[in-house]
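Report on the structure given below.
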Amino acid sequence: MLFESLLPNFVGPLVLACLATPTCRGESLASVLKRVDDEDFAARVNGDRAAGPGTTLDIKEIVIGRCWDYQRVIGMKEGKPLSEVDCNGTAWPAFVNAFAYKSPCSTPEDAFSNFIKIMTVSLPVNGTLFWSGTKNLALMYSELSGGTMFSLELTFFGYTVNGLTWCGKHTGGIHGINYDSCPSFGDQSCQSPVSTVFWGSASMSFARQARGSISVLLDGSDPRGAFRNNSFFATMELPNLDTAMVDLVNIIVVHDLDGHIVDTCDNGTILILKDRIIQRGLQWKCKDDPKLAKLIQCTENPDNEKCNLTSGVNTLHGRSWNFIVLTLLASLWMIWTC
Ligand code: NFD
């Protein structure tokens, strides 16, 4: 028992299984452990264990391309950098030097501070949009807002790396980048994962810039609760709002179209969130399922019965109430006259 408890939890059973096989008996403990370690590494790379996918292929071209795209095409008036950033000579080196040739699990907290500083742009007052568990909806919300709502993914640094995976490798890899496998989010053995450090710093910096009223879009159908204590929103964004600059938090709670309701503005974890907001000296407003959210949900699920476009007329599975009432009256009349 003691022997097993000293080993990572996957090693014990493997060693015991190995000792039960004839080919394995006689092998020294050191070589068994080395082999188990190698096998575990291979399994992680093959995706059998908790390892996540490797660095996105062509990441350099994507980051540099998005960086120019932001500055030349998509960057909105308020979201443009004060002076031009050289994507190839400044932005990419600041990004890649934070993780290349380094272990992906021991990333210093300030690893990306230079990259984030270079890419910071000024954001509009009243325009910051946070989210938790509602990524796609939040991105569509900010895109449809015509430049008045900014989620992190629409800022310069967020846009440039959103949706990408990256991590380094101490030795080997290609230019110190691991394209085979990066730590997955749930890997408890990874102390300080590179992507968690990046998104933590990015979220903190984004929250510190917020001014005026801010909005947060939460998933009221999430069985874990709409406001979760360990989310980036709860740990990195809400506590880093500058209370001298922010006055109001607009809470938007969205439920899935199938009607699963876990939390609403008036109950569940939203009450905890309201408390936290008040403790920070801020005001709150809360709305369940605003029309814009439903419209966005319906564009993704147009066949859902709640998205029936004939909603001006009361319908039951596509038939109008008038038709149903007339049919009932006709049937009653026939029964009565027979
Ligand atoms: P979520 P949240 N490490 O839906 N944000 O409140 C890493 F690296 O639960 C934006 O936590 O909401 N990523 C992005 C993780 C990412 C981990 C993070 C983990 N341990 C934070 N666990 C982004 N654009 O990708 C989960 N994730 C990923 C900022 C997972 O892919 C935004 O400004 C999930 O899609 C937003 O206001 C995503 O993190 C707030 O933090 C969010 O997890 C959303 O983070």
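The values are calculated or read from the model by the stated rules, or taken from the named source; none is laboratory data. None of these values were measured; they are calculated from a predicted model. With ideal geometry, Cβ positions are generated from the backbone for all residues, glycine too; neighbour counts draw on all protein chains shown.
Each row is one residue, and each column tells you yes or no for (1) in a helix (DSSP H, G or I); (2) surrounded by fewer than 19 Cβ atoms within 10 Å (Cβ to Cβ); (3) in contact with a helix residue (DSSP H, G or I) (Cβ under 6 Å, 6 or more places away or on another chain); (4) modelled with pLDDT of 95 or more.
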| residue | (1), (2), (3), (4) |
| --- | --- |
| THR243 | no, yes, no, yes |
| ASP247 | no, yes, no, yes |
| ILE278 | yes, yes, no, yes |
| LYS285 | no, yes, no, yes |
| ALA293 | yes, no, no, no |
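So, of the residues in segment 116-138 that are under 12 Å from the mean Cα position of the chain (by Cα) and farther than 16 Å from ILE214 by Cβ, which turns out to be surrounded by the fewest Cβ atoms within 10 Å (Cβ to Cβ)?
ASN136
Please determine whether any residue of segment 139-156 is surrounded by fewer than 19 Cβ atoms within 10 Å (Cβ to Cβ), within 11 Å of the ligand (Cβ to nearest atom) and touching a residue at least 24 places away in the same chain (Cβ under 8 Å).
So far as segment 139-156 goes, no, none of its residues is surrounded by fewer than 19 Cβ atoms within 10 Å (Cβ to Cβ), within 11 Å of the ligand (Cβ to nearest atom) and touching a residue at least 24 places away in the same chain (Cβ under 8 Å).
Out of all the residues in segment 191-216, which are surrounded by fewer than 18 Cβ atoms within 10 Å (Cβ to Cβ), more than 10 Å from the ligand (Cβ to nearest atom) and under 27 Å from SER181 (Cβ atoms)?
GLN191, SER192
Can you tell me which residue in segment 40-59 is modelled with the highest pLDDT, limited to those that are surrounded by fewer than 15 Cβ atoms within 10 Å (Cβ to Cβ) and of a type outside the set (A, V, I, L, M, F, W, C)?
Checking each candidate, the answer is ASP58.
Here is a check on your reading of the model: is PRO93 modelled with pLDDT under 95, more than 14 Å from the ligand (Cβ to nearest atom) and either outside the structural domain of ASP289 (by TED's automatic domain parsing) or touching a Ser or Thr at 6+ places or on another chain (Cβ under 6 Å) (or both)?
No: the conditions fail for PRO93.
Which pairs turn up if I take residues in segment 191-205 that are assigned by TED's automatic domain parsing to the domain that holds PHE99 and outside any helix (DSSP H, G or I) and look for partners that are within 7 Å of the ligand (Cβ to nearest atom) and of a type in the set (Phe, Trp, Tyr) with beta carbon separation below 9 Å, at least 6 apart in sequence or on another chain?
PRO193/PHE185
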